[in-house]
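*Asks:* Please find one structure pasted underneath; my questions will follow.
The values are calculated or read from the model by the stated rules, or taken from the named source; none is laboratory data. As the structure is a prediction and not an experimental result, all values here were calculated from the model. Here Cβ is always computed from backbone atoms with ideal geometry, including for glycine, and neighbour counts include all displayed protein chains. These area figures cover heavy atoms from the full protein model, side chains too; ligands, DNA and RNA do not enter into them. Shrake-Rupley method; radii C 1.70, N 1.55, O 1.52, S 1.80 Å.
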Amino acid sequence: GRKSNATSVALRSLLIVESDPSFAAVLRARLEAAGFAVTVARDVTEMLACARQNACDLALLDGSLSCSGTGEDLLAHLTSTGWCPPAILVMRVLDEATTVRALRAGFLTCVARSAEYVDYLPDAVARALETIGSRREAEEAWSYLTALVNQSGDAIMMVDAAQTIVSFNRAAEEL
């Protein structure tokens with residue numbers, strides 16, 4: 001059978017990319033106290049080295065890293081290296097336009113680095129990991145459904161809300 005939502009429970013590994021070592025230590029302590037396994041990198045080079053050594057479920061990216069330009073630039077750079085985990089963009093100044101650009105670039109969410117940031121970060125991370133787990137479960141369910149449909153000797157067609165055929169199996173193709 002298929003797995004239950006235990007997938008999201010197993011997602012606990014974080015990579016924090018933060019240029020300020022003292023602030024990174026505060027973040028690490030807070031997130032480890034909340035039960036997360038945390039690795040810290042100070043810059044993109046360290047981050048990529050960490051990525052080669054350890055898998056992570058979620059990255060928290062400092063959008064103001066001097067070597068990265070914008071958070072979107074950093075995410076594009078990561079994608080070009082072939083390593084790009086789901087990520088939260090952390091910005092000192094967060095406005096609507098930045099948030100929209102970041103979400104379009106592929107970030108799960110954005111958070112402002114404010115006085116309350118350290119306190120609400122564990123909840124934001126937990127919600128992001130829950131989203132990742134839900135997405136993985138949906139992908140697994142879709143793969144399972146696709147395999148069932150393709151194995152069937154019966155003609156099966158899937159339609160969208162407008163009654164447009166969006167998928168069909170080999171038996172339907174032969175009709």
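*Asks:* In whole Å, largest first, what are the principal axis extents of the Cα atoms in region 68-165?
*Replies:* Rounded to whole Å, the extents work out to 59, 30, 28 Å.
*Asks:* With a 1.4 Å probe and every protein chain left in place, work out the accessible area per residue of the chain in Å², rounded to a whole number. Display every interim value, and only then the final one.
*Replies:* Values: 9980 Å² over 175 residues.
In whole numbers, the chain has 57 Å² accessible per residue.
*Asks:* Taking DSSP loops as anything outside H, G, I, E and B, show the longest stretch in the chain free of trypsin sites (Lys or Arg not before Pro) there with at most 16 other beta carbons within 10 Å.
*Replies:* Details: sites that count: ARG2, LYS3, ARG42, ARG92.
Answer from the scan: 93-175.
*Asks:* Taking Cα pairs under 8 Å and at least six residues apart, what relative contact order does the chain come out at, in percent? If you can, show how the numbers build up before the last one.
*Replies:* On the way: 233 pairs, mean separation 32.7, N = 175.
Rounded, it is 19 percent for the chain.
*Asks:* Counting only protein heavy atoms and a 1.4 Å probe, tell me what percentage of the chain's accessible area is made up of carbon and sulfur.
*Replies:* Values: 5210 of 9980 Å².
Solvent-exposed carbon and sulfur of the chain make up 52 percent of the total.
*Asks:* Just flag the GluC sites (Glu not before Pro) in region 99-175 sitting in loop per DSSP whose Cβ has no more than 15 other Cβ atoms within 10 Å. Numbers along the way, then the final one.
*Replies:* On the way: sites: GLU116, GLU130, GLU137, GLU139, GLU140, GLU173, GLU174; in loops: GLU116, GLU174.
Those that pass, being in a loop and sparsely packed, are GLU116, GLU174.
*Asks:* Something else now. How would LEU108, LEU121 rank on accessible area, largest to smallest, probe 1.4 Å?
*Replies:* Working: LEU108 35, LEU121 0 Å².
So, going from the largest accessible area down, we get LEU108, LEU121.
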